[in-house]
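Notes follow once the structure below has been shown.
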Amino acid sequence: MAISPKRPYLLRAMHEWMVDNGLTPHVVIDATVDGVDVPTEHVSDGKIILNVSYAATDALDLSGETLSFNTRFGGVSRRVTAPVVAVLGIYAQESGQGMIFTDEESPAAGEQDVSPPPKGRPELKIIK
């Protein structure tokens, strides 16, 4: 049974949490990933940071495997699209709180050998 990727769900949940708390969500996108369509003049070190608040976007879509929205760069309207796997993290501008995504869902990650946790009783330690 194939399990769907977590990243789209986590991205939507963090975005909703930030908006509900009056924070301004920003995403960090790896602009080198295939399918990313962002203004290249705003890319630095292969990454771009984008404000994904409802005030800064139009037609924001976080519902699937692609993040997409309309926005303005220097007064020029532009459509931005990126596969969710290109989103490296989401954070609140005001507090810096957010989430960094690991590359666990990259194509190579599925080929890694992951051992199950050891069986037996877990060891817990009381910390005072």
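All of the numbers you see were taken from the coordinates with simple rules; none came from a lab. This is a predicted model, so every value here is computed, not measured. With ideal geometry, Cβ positions are generated from the backbone for all residues, glycine too; neighbour counts draw on all protein chains shown.
Tabulated results
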{"item": "Every residue from region 48-78 that is in contact with an Asp or Glu (Cβ under 6 Å, 6 or more places away or on another chain) and surrounded by 15 or more Cβ atoms within 10 Å (Cβ to Cβ)", "result": "68"}
{"item": "Near pairs, Cβ below 7 angstrom, 6+ apart or cross-chain, from region 27-42 (touching a residue at least 40 places away in the same chain (Cβ under 8 Å) and under 11 Å from residue 84 (Cα atoms)) to any residue that is assigned to a loop (DSSP other than H, G, I, E, B) and of a type outside the set (Phe, Trp, Tyr)", "result": "27/52; 29/36; 29/38; 30/46"}
